[in-house]
């Protein structure tokens, strides 16, 4: 009887111990999973933070030198703007309304005197400015060719063809040749050979050489 009781006590104790072990195993499994998952999340967060710092420290631009790793696919330079485009963006504000005495587009009488000075003079004004007009219409990014295209466009819109050949200047009349002065040497020789006989002595009422009163009456 005593042995049977001991067996029952052993079985009961063994069952309790086994149950405790199972509970502990489940507990440790749950804890291990939680700790492992947290480590993965922490690692992912650290990686994201590291990338964010690297992005902030990265240079905002890079310089490519031709022939030394330059990007062959670099964007081609922008096509030059047309005269009409430049007029619309830089010139029309003043040359449409005539602000600050700017010649209005379409006013041939205002543009013709400026064109008569030559394209070089007009380009000098357009590129360097004059009075209230800023250089290059206020857009320093415009090239010389784009500025010239705008000037040509405004001239054409004002009835002036800058490509037409310039009219030949009127011929300048040649000044008449100066009349040759008297040959005093020859005159003196003629006087001595033909005139002296009478005008030297005043013969027959001839006015004498050196008599201003006698000669002045005979000069018209």
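Points worth noting:
- Qualifying residue in segment 101-122 (condition: closer than 14 Å to residue 83 by Cα and either assigned to a helix (DSSP H, G or I) or at pLDDT 85 or above (or both)): yes
- Residue within segment 173-182 that is modelled with pLDDT of 75 or more and either out of contact with any helix residue (DSSP H, G or I) (no Cβ under 6 Å at 6 or more places or on another chain) or not assigned by TED's automatic domain parsing to the domain that holds residue 106 (or both) present: no
- Residue 75 surrounded by 10 or more Cβ atoms within 10 Å (Cβ to Cβ), outside the structural domain of residue 152 (by TED's automatic domain parsing), at pLDDT below 60 and closer than 30 Å to residue 136 by Cβ: no
The values are calculated or read from the model by the stated rules, or taken from the named source; none is laboratory data. Note that this is a predicted model, so its numbers are computed, not measured. Don't worry about glycine lacking a Cβ; one is built from the backbone with ideal geometry, like all the others, and counts go over all protein chains shown.
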